[in-house]
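Colleague: Handing you a structure now.
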Amino acid sequence: MLRAHIMSYSPKLCSNSSCLHHTLPGGVFIKKGFFRILRNHQKVRRFQCKACGKTLSSRSFSPTYYQKKPQLNRVIFQLLCEGMPMRGIARTLRISKNTVEAKFLWIHQYISSLKATNPLELGQLYFDELETIEHTKLKPLSVLLFVDEGYKILKSQVAVAPPKGRLAKVSYDKYGPRKDEREDILKQCFTELKGLRPQEIRSDAKPSYRKYVQEFFPGLSTRSLIAQRRSVTGTGFTKSIRSRPMIRCLYLISGVQSCVRISEG
Ligand SMILES: [Zn+2]
């Protein structure tokens, strides 16, 4: 079936971004032999654009174009969602840590690109905050995350947060006063997501959450904000039971942070 589809494919647009027919339909593409995909020896027809002379195939428009191991994307994404560290994934799949990091960044970019085609209508909208740090516990950060029931990240934003408890004084003595951007960022995110039409919004019962839901999604009752029962989930992020989409996305965000830290290190 897939083979038949690949062989019957004919391009509608040119893959060359500087060609007129990259966006304008109506280009002429002549058949120009075949090539085989290295990993599975699949035969793919090659075409040539008459306008610019560049060759292309059905693979040219794939989001995994240029990837040598696209078959690993799914399993790496699943293992990241399960909370497995990148080094663990590399050991399990017998691939290099650099490959896992590269795949990870690609998955993050790919998910971000999906936001552009995200429909306004959605079932459930989940949002929550993840506490993390800049490089020391004296400089906390808060990652605000909005996801839908299909684990799609609709919006994520980082806010500077003040240290709590005994760390507050130590932080002040060492680094001076620290801003608290959480409220501003929360309002900014709600403003940007105002156009969405969720049927239900879920988060915990924090008073400011309730306030913004009422302000930006007036059609939804505040009963949509379901208070989460207290329990240890073992995720390391929270002591309340969170929805499965939120846990998966928190793992994903946490992984992106680890990746950034590794790249910086
Ligand atoms: Zn062209």
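Colleague: Going by the conditions given, is ILE76 hydrophobic (A, V, I, L, M, F, W, C), touching a residue at least 40 places away in the same chain (Cβ under 8 Å), within 30 Å of PHE146 (Cα to Cα) and surrounded by 12 or more Cβ atoms within 10 Å (Cβ to Cβ)?
Modeller: The answer is no for ILE76.
Colleague: Is there a residue being aromatic (Phe, Trp, Tyr) and touching a helix residue (DSSP H, G or I) at 6+ places or on another chain (Cβ under 6 Å) anywhere in segment 32-52?
Modeller: no
Colleague: Kindly establish whether THR55 is over 31 Å from the mean Cα position of the chain (by Cα), surrounded by 15 or more Cβ atoms within 10 Å (Cβ to Cβ) and β-branched (Val, Ile, Thr).
Modeller: yes
Colleague: Something else: Can you say whether GLY123 is surrounded by fewer than 15 Cβ atoms within 10 Å (Cβ to Cβ) and either without any contact (Cβ under 8 Å) to a residue 24 or more places away in the chain or more than 16 Å from the ligand (Cβ to nearest atom) (or both), as far as the supplied structure shows?
Modeller: yes
Here's the yes/no breakdown for (1) farther than 30 Å from ASN40 by Cα; (2) not β-branched (Val, Ile, Thr):
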residue	(1), (2)
GLN71	no, yes
ARG94	no, yes
GLU121	yes, yes
THR132	yes, no
GLY165	yes, yes
ARG182	yes, yes
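For every residue, the table says whether it meets (1) within 12 Å of the ligand (Cβ to nearest atom); (2) within 20 Å of GLN109 (Cα to Cα); (3) in contact (Cβ under 8 Å) with a residue 40 or more places away in the chain; (4) assigned to a loop (DSSP other than H, G, I, E, B).
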| residue | (1), (2), (3), (4) |
| --- | --- |
| CYS14 | yes, no, yes, yes |
| ARG39 | no, no, no, yes |
| CYS52 | yes, no, no, yes |
| TYR66 | no, yes, no, yes |
| LYS69 | no, yes, no, yes |
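Colleague: Sticking with this one: Given the criteria charged (D, E, K, R) and within 16 Å of the ligand (Cβ to nearest atom), does LYS32 qualify?
Modeller: yes
Colleague: Right, next: Go through (1) in a helix (DSSP H, G or I); (2) in the same structural domain as ALA205 (by TED's automatic domain parsing) for THR92 and report which single condition fails.
Modeller: Condition (2) is where THR92 drops out.
Colleague: Sticking with this one: Please determine, by comparing only the residues of segment 19-28 that are of a type outside the set (A, V, I, L, M) and more than 29 Å from the chain's Cα centre (by Cα), which one is nearest to the ligand (Cβ to nearest atom).
Modeller: Of everything passing the filter in segment 19-28, CYS19 is nearest to the ligand (Cβ to nearest atom).
Colleague: Does LEU79 qualify as being under 30 Å from GLU101 (Cα atoms) and either more than 16 Å from the ligand (Cβ to nearest atom) or assigned by TED's automatic domain parsing to the domain that holds GLU101 (or both)?
Modeller: Taking the combined requirement at face value, the residue satisfies it.
Colleague: Let me ask you something else. Would you check which residues across segment 29-52 are aliphatic (A, V, I, L, M) and either on the phi > 0 side of the Ramachandran plot or loosely packed, with under 12 Cβ neighbours inside 10 Å (or both) and list them?
Modeller: Those that are aliphatic (A, V, I, L, M) and either on the phi > 0 side of the Ramachandran plot or loosely packed, with under 12 Cβ neighbours inside 10 Å (or both): ILE30, LEU38.
Colleague: Related question: If I go through segment 54-64 residue by residue, how many of them are away from the ligand (no atom under 14 Å from the Cβ) and in contact (Cβ under 8 Å) with a residue 24 or more places away in the chain?
Modeller: 2
The values are calculated or read from the model by the stated rules, or taken from the named source; none is laboratory data. Note that the structure is a prediction, hence the values are computed from the model and not measured. Don't worry about glycine lacking a Cβ; one is built from the backbone with ideal geometry, like all the others, and counts go over all protein chains shown.
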